[in-house]
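The values are calculated or read from the model by the stated rules, or taken from the named source; none is laboratory data. Given the structure is predicted, the values throughout are model-derived calculations rather than measurements. Cβ sites come from the backbone with ideal geometry, for glycine too, and all protein chains shown count toward neighbours. Quick note on the areas: whole protein, heavy atoms, side chains included, nothing else; ligands and nucleic acids left out. Shrake-Rupley method; radii C 1.70, N 1.55, O 1.52, S 1.80 Å.
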Amino acid sequence: LISSALLSYQLLPGLDIKANLGYTSLTSDEWELRPSVGNAPELRPFTERISIFGNADSRSWIAEPQLVYKMNLGKARLELLAGATFQEISTNAQQEVAIGFNNDLVMKDIRAATSTFYAENLITEYKYSALFGRINFNWNYKYIVNVTGRRDGSTRFGDENRFHNFGSVGGAWIFSNERIFEKINHVFSYGKVRASYGTTGNDQIGDYQFMPLYNVVTTDVPYQHATGLLPAGLANPYLQWEETKKLQFGLDLGFWGDRLLINAGYYHNRSSNQ
């Protein structure tokens with residue numbers, strides 16, 4: 001099930017309130033068979049028939065409220081945006097292995113196996129939130145300035161760096177709207193130079209990497225009927241968001257009513273804290 005909705009309401013002239021909403025539910029049941037017929041004939045007496053059964057249930061929702069204000073002041077046009085993002089993803093998955101079937105035809109029936117064991121049990125919960133804003137100023141459709149800022153938070157990081165700030169600033173000059181180009185606008189129809197600098201990032205490091213992690217150790221004969229724990233990762237509350245610093249310059253040209261378009265760009269991205 002994948003659902004989404006966009007709600008918008010005009011509070012006042014030039015002032016709109018919006019909300020992007022989404023909900024997704026994914027349920028899966030899987031099986032994988034490794035029958036005897038899949039092996040070479042001379043190996044079949046010595047190989048086990050194996051069936052792997054898995055099921056998973058994943059649910060996620062997202063809500064993005066926004067407030068947008070637009071106003072004109074003579075030759076100036078100002079647009080302000082403020083918003084937030086709230087997201088949550090929860091997953092519950094299991095995988096069970098069955099062996100010891102006496103026939104390839106019964107391998108989808110787990111009751112026909114002589115022994116079974118759980119190979120994986122995964123339960124995760126992920127939460128993300130952000131506050132962001134943008135200011136866009138346009139003077140006479142010639143000079144444009146755009147400033148953005150945001151603060152993101154994720155449960156994939158510890159208390160020391162759970163939140164991180166990002167931002168950008170950009171500007172553009174549509175020089176083809178200058179009076180000097182009016183006489184040749186039938187040939188040179190559009191021209192713009194632009195530049196921007198900003199930071200962006202992500203939290204795609206997987207869940208619970210900042211916590212002390214352990215793997216379960218099982219044996220055929222458990223000591224005192226108990227399982228063991230094996231350290232798999234040390235706690236690190238200082239894990240940080242990956243951050244990419246982006247610098248961009250561009251030139252856009254149009255000729256003969258934009259029948260011919262030329263775009264040139266220079267990009268310099270530098271990532272850290274991967």
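Quickly run through the stretch 44-94 and pick out the residues that are of a type in the set (S, T, Y) and part of a strand (DSSP E or B). Even if it seems obvious, please write down each step before you answer.
First, the residues of the stretch 44-94 that are of a type in the set (S, T, Y): 47, 51, 58, 60, 69, 85, 90-91.
Passing the criteria: S51, S58, S60, Y69, T85, S90, T91.
Run S176 past the list (1) assigned to a helix (DSSP H, G or I); (2) open to solvent by 40 Å² or more (accessible area, probe 1.4 Å); (3) not aromatic (F, W, Y) and report the number of the one that doesn't hold.
(2)
Step by step: first the residues of the stretch 237-263, then only those that are surrounded by 14 or more Cβ atoms within 10 Å (Cβ to Cβ) and in a loop (DSSP other than H, G, I, E, B), then the one that is nearest to the chain's Cα centre (by Cα). Which residue is that?
Only one residue fits best here, namely W241.
L26: modelled with pLDDT of 95 or more and more than 30 Å from E178 (Cβ to Cβ), yes or no? Break it down into steps so the answer makes sense when it comes.
Details: modelled with pLDDT of 95 or more: yes; more than 30 Å from E178 (Cβ to Cβ): yes.
Yes, satisfied.
Test A112 against the stated conditions and say whether it is in contact with a helix residue (DSSP H, G or I) (Cβ under 6 Å, 6 or more places away or on another chain), small (G, A, S) and more than 26 Å from G254 (Cβ to Cβ). Step through it out loud before you land on a result.
Details: in contact with a helix residue (DSSP H, G or I) (Cβ under 6 Å, 6 or more places away or on another chain): yes; small (G, A, S): yes; more than 26 Å from G254 (Cβ to Cβ): yes.
Judged against the criteria, A112 is a match.
Suppose we filter the stretch 45-55 for residues that are touching a residue at least 60 places away in the same chain (Cβ under 8 Å) and among the hydrophobic types (A, V, I, L, M, F, W, C); how many remain?
1
Kindly list, by first and then second residue, each pair from a residue in the stretch 209-220 that is aliphatic (A, V, I, L, M) to a residue that is assigned to a strand (DSSP E or B) and open to solvent by 70 Å² or more (accessible area, probe 1.4 Å), limited to pairs with Cβ atoms under 8 Å and residues at least 6 apart or on different chains.
Listed pairs, sorted by first residue: L213/P231; V216/L229; V216/L230; V217/L229; V217/L230.
Name the residues in the stretch 184-200 that are under 28 Å from E160 (Cβ atoms) and either polar (S, T, N, Q) or touching a residue at least 60 places away in the same chain (Cβ under 8 Å) (or both), would you? Lay out the reasoning, then the answer.
Quick first cut of the stretch 184-200, residues under 28 Å from E160 (Cβ atoms) only: 197-200.
Scanning the stretch 184-200 gives T199, T200.
Kindly provide the set of residues from the stretch 224-236 that are loosely packed, with under 11 Cβ neighbours inside 10 Å, part of a loop (DSSP other than H, G, I, E, B) and not hydrophobic (A, V, I, L, M, F, W, C), ordered by number.
Passing the criteria: only T227.
Looking at (1) modelled with pLDDT of 95 or more; (2) open to solvent by 80 Å² or more (accessible area, probe 1.4 Å); (3) not hydroxyl-bearing (S, T, Y), can you tell me which one V37 breaks?
For V37, the exception is condition (1).
Return yes or no: is E30 open to solvent by 50 Å² or more (accessible area, probe 1.4 Å) and over 27 Å from the mean Cα position of the chain (by Cα)? Lay out the reasoning, then the answer.
On the way: open to solvent by 50 Å² or more (accessible area, probe 1.4 Å): yes; over 27 Å from the mean Cα position of the chain (by Cα): no.
Against the criterion (open to solvent by 50 Å² or more (accessible area, probe 1.4 Å) and over 27 Å from the mean Cα position of the chain (by Cα)), E30 does not qualify.
Can you tell me which residues in the stretch 105-160 are open to solvent by 80 Å² or more (accessible area, probe 1.4 Å), aliphatic (A, V, I, L, M) and in a strand (DSSP E or B)?
Within the stretch 105-160, I123, L131, I135 meet the criteria.
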